[in-house]
Amino acid sequence: MNENIAQKMARPAILNLKPYSSAREEFTGNEGIFLDANESPYNKPLNRYPDPFQQKLRERIAELKQVEKGNIILGNGSDETIDMLFRTFCEPGKDKVLSIAPTYGMYKVSAGINGVEYETVLLNEDFSLPVNSILEKATDNTKLLFLCSPNNPTGNRFDDEAMAELLKNFPGLVVVDEAYVDFSGQGSWVNALDKYPNLVVLQTLSKAWGLAAIRLGIAFASADIIQLMMKVKPPYNVNTLTQEKALQSLSEPQITTERVQQIISERDALMQSLEEIPTIKKVFASDANFFLIRLDDPGAMYNHLLQQGIIARDRSREPLCEGCLRISVGTPAQNKYLLEAIKNYSSVKTEDVPASNWTTVADYLVTPERKAVKERKTKETDIRVEINLDGNAKANISTGLGFYDHMLEQIARHSGCDLSIEVKGDLHIDEHHTLEDTAIALGEAFAEALGNKMGIERYGFALPMDDCAAMVLLDFGGRPELVWKARFKREKVGELPTEMFEHIFKSFAVGARCNLYIKAKGKNEHHKIEAIFKALARAIRMAVKREAGSDFLPSTKGML
Ligand code: PMP
């Protein structure tokens with residue numbers, strides 16, 4: 001029989017191993033009285049062991065990455081998949097692995113734990129791969145070659161040709177750790193599994209997916225390699241909570257895509273700003289969500305940043321990284337704070353600056369209040385609007401028009417915002433100016449209170465129905481627009497002329513710089529306009545909702 005590369009590389013003990021067969025593996029149905037695994041019958045659903053083969057999760061990953069489920073094994077973080085590779089392929093005290101320097105530290109630690117010799121080849125000065133030196137160092141016992149791309153801590157993704165040359169010529173398995181690949185804007189080696197039977201690709205949900213806490217690492221390889229690793233993996237290595245959370249996040253990949261885009265554009269802007277700071281001797285190019293900066297005195301900068309509450313990573317003792325700190329890209333607010341802290345270091349020595357001069361970290365990281373006061377005075381109206389988007393639905397409205405007050409109260413009650421509106425208008429002439437100017441001022445108050453719109457949902461919609469059906473779609477995207485699809489037969493509701501309704505919402509849209517789509521149907525005119533105001537309020541409630549502490553901007557344009 002022809003031995004495949006997986007069998008050729010595997011430890012003999014693993015080739016001959018009969019793996020543990022778990023209860024959940026022997027019977028796989030969902031229905032029945034489970035008396036097979038010595039579990040407690042109480043505390044559902046966490047009383048049951050998790051799916052040992054994570055079938056649903058692997059199916060979803062396979063679909064997302066366009067590979068077969070049989071090409072995937074999951075671990076308790078990449079750190080576990082790295083360890084599994086050692087235990088499957090490297091005989092303690094006999095085999096070796098090869099890697100580059102500098103690189104991610106766990107390959108060496110895992111080698112040490114497993115009693116396997118760890119050898120490195122120094123990267124070229126420009127951090128590129130020294131292909132020939134790597135190949136020259138490989139022996140018959142060198143089972144694995146670890147290549148982290150984009151590499152940690154250097155941040156660069158390795159050239160495709162160099163990688164392909166190593167994959168073709170390295171005698172053992174080539175493990176490409178792609179923990180940071182999503183930030184590179186370039187393809188993954190996952191799609192080359194068919195071409196290279198010795199390729200293993202590692203990915204993780206800890207970086208781009210923002211799920212470091214759940215510990216989910218993914219290894220992709222030929223089915224032969226995966227089957228051998230499956231023998232070694234602890235039976236229930238990925239717990240139920242992790243499997244469920246991962247499935248949920250993987251069902252909405254667009255959220256990750258948007259966040260990755262934001263981190264990439266923040267990274268590029270931050271690096272560009274740092275280039276202009278004289279204390280920084282070099283900002284290294286990056287395909288990851290971190291980058292290196294080189295300084296004359298990295299220790300002093302590290303301490304300076306620490307004093308400001310910022311923790312960077314000192315990599316200055318790593319080969320080729322003399323003088324280097326590694327910085328992860330944060331939220332826009334965090335990056336702004338970092339930049340200011342570094343600039344301050346350039347101009348003054350930390351000791352010379354009284355502590356009170358520094359903006360505290362808390363000032364930057366605390367979620368800002370969303371309040372506004374809008375005063376608008378013309379010859380026709382004198383208006384004061386006060387708003388708190390994060391209020392308790394308190395309303396205090398006085399426009400001089402009872403029915404308008406009643407409608408505006410709906411906005412506060414159903415949006416959850418606190419709203420105070422005081423208007424002195426030229427009602428002795430007619431209602432026109434009061435209705436229009438109040439709607440503009442209210443819209444402007446919303447726009448001001450929303451501020452930079454960081455972290456908001458942006459879109460809202462509502463379809464309330466009493467005896468009337470109203471539909472309001474809302475987008476605080478910055479473009480004023482109204483689509484109005486409601487007809488009124490009566491001339492007035494209360495003292496409000498129905499011909500003014502469209503105008504009120506148009507004025508609001510202009511003031512708030514939002515897109516509004518309004519549609520309503522129903523017999524009772526009072527209920528119909530009330531339903532529209534309520535629906536607007538509900539849509540506002542949804543659109544202004546903000547993830548606590550988040551400053552993620554829901555737009556690919558970089559501003560709203
Ligand atoms: N690979 C690389 C290159 C890393 O930098 C890290 C974490 N710093 C990991 C893997 C660890 O991944 P996980 O959280 O999935 O164990």
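Per-structure values
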| quantity | calculated |
| --- | --- |
| In region 204-240, the residues that are surrounded by 18 or more Cβ atoms within 10 Å (Cβ to Cβ), within 12 Å of the ligand (Cβ to nearest atom) and either aromatic (F, W, Y) or in contact (Cβ under 8 Å) with a residue 40 or more places away in the chain (or both) | T204, L205, S206, K207, A208, W209, R215, L216, G217, I218, A219, V238 |
| Criterion violated by F34 - all others in (1) open to solvent by less than 20 Å² (accessible area, probe 1.4 Å); (2) of a type outside the set (D, E, K, R); (3) more than 16 Å from the ligand (Cβ to nearest atom) satisfied | (1) |
| Sole exception among (1) more than 15 Å from the ligand (Cβ to nearest atom); (2) assigned to a helix (DSSP H, G or I) for S128, by number | (2) |
| Residue in region 390-398 that is of a type outside the set (S, T, N, Q), under 27 Å from E547 (Cβ atoms), part of a strand (DSSP E or B) and touching a residue at least 60 places away in the same chain (Cβ under 8 Å) present | no |
| Odd one out for S128 among (1) more than 31 Å from the chain's Cα centre (by Cα); (2) among the hydroxyl-bearing types (S, T, Y); (3) within 23 Å of F290 (Cα to Cα) | (1) |
| Filter pass, Q66 being closer than 21 Å to V201 by Cβ and out of contact with any strand residue (DSSP E or B) (no Cβ under 7 Å at 6 or more places or on another chain) | yes |
| Selection count, region 267-316, where residues are aliphatic (A, V, I, L, M), closer than 23 Å to R157 by Cβ and within 25 Å of the chain's Cα centre (by Cα) | 10 |
| Among the candidates P45, P52, residue that is in contact with a Phe, Trp or Tyr (Cβ under 6 Å, 6 or more places away or on another chain) and touching a residue at least 24 places away in the same chain (Cβ under 8 Å) | P52 |
| Test: residue in region 175-192 that is buried (at least 22 other Cβ atoms within 10 Å of the Cβ), away from the ligand (no atom under 12 Å from the Cβ) and not in a helix (DSSP H, G or I) | no |
| Hits in region 148-169 (condition: of a type outside the set (S, T, N, Q), away from the ligand (no atom under 16 Å from the Cβ) and open to solvent by 10 Å² or more (accessible area, probe 1.4 Å)) | D159, D160, E161, A162, A164, E165, K168 |
| Per-region count, region 112-136, residues among the charged types (D, E, K, R) and open to solvent by less than 40 Å² (accessible area, probe 1.4 Å) | 1 |
| Extreme residue, farthest from the ligand (Cβ to nearest atom), among residues of region 56-111 that are open to solvent by 30 Å² or more (accessible area, probe 1.4 Å) and among the basic types (K, R) | K94 |
| Of all residues making up region 250-292, the number that are under 20 Å from I342 (Cα atoms), acidic (D, E) and in contact (Cβ under 8 Å) with a residue 40 or more places away in the chain | 1 |
| Test: residue in region 20-34 that is modelled with pLDDT of 95 or more and closer than 30 Å to F220 by Cβ | no |
| Some residue of region 507-515 being closer than 19 Å to L419 by Cα, of a type outside the set (D, E) and not in a helix (DSSP H, G or I) | yes |
| Any hit, region 298-308, residues being touching a helix residue (DSSP H, G or I) at 6+ places or on another chain (Cβ under 8 Å), surrounded by 15 or more Cβ atoms within 10 Å (Cβ to Cβ) and outside any helix (DSSP H, G or I) | yes |
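The values are calculated or read from the model by the stated rules, or taken from the named source; none is laboratory data. Model, not experiment: these values are computed from the prediction. Heads up, the Cβs are rebuilt from the backbone with ideal geometry, glycines too, and the neighbour counts pull from every protein chain shown. The area values use the complete protein model at the heavy-atom level, side chains included, leaving out ligands, DNA and RNA. Shrake-Rupley method; radii C 1.70, N 1.55, O 1.52, S 1.80 Å.
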